[in-house]
1. Taking the chain as the region of interest, what is the percent of Cα-Cα pairs per 5 angstrom bin, listed from the shortest bin to the one with the maximum distance?
2. Nearest 10 degrees is fine. How inclined is helix 3-18 to the longest principal axis of the chain, computing both from alpha carbons?
3. Tell me, what % of the accessible area of the chain is carbon and sulfur with a 1.4 angstrom probe?
Amino acid sequence: MQSDKIVRMANQIATFFASQPGGDAAERVAGHLKDFWSPQMRRDLFSIVDGGGDGLSPLALDGARHLAAGDAPPPATKAPRSL
């Protein structure tokens, strides 16, 4: 995937989580990347981060670093439905 598209998508995710309450936005960005991005997309993102993170917002960069360090929360699980 093109790096500008990866950067744009990561920044959009970061913008969303920045607008949510709580102080764990970077961890939530990392969790989203872990849960919803393919391994190839994550590798492309890590290449951008390794190259200096050009174009990534500070929160997107922090979230990517959390993911790379293994600090992403475990995948979300769905609560059982009540009947």
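The values are calculated or read from the model by the stated rules, or taken from the named source; none is laboratory data. This structure is a prediction, so every number in the text was calculated from the model and none was measured. Just so you know, the surface numbers come from the protein's heavy atoms only, side chains and all, with ligands and any DNA or RNA stripped out. Shrake-Rupley method; radii C 1.70, N 1.55, O 1.52, S 1.80 Å.
1. 3, 17, 27, 25, 14, 7, 4, 2, 1, 0, 0
2. Value to nearest ten degrees: 40.
3. Values: 2930 of 5370 Å².
C and S fraction of accessible area: 55 percent.
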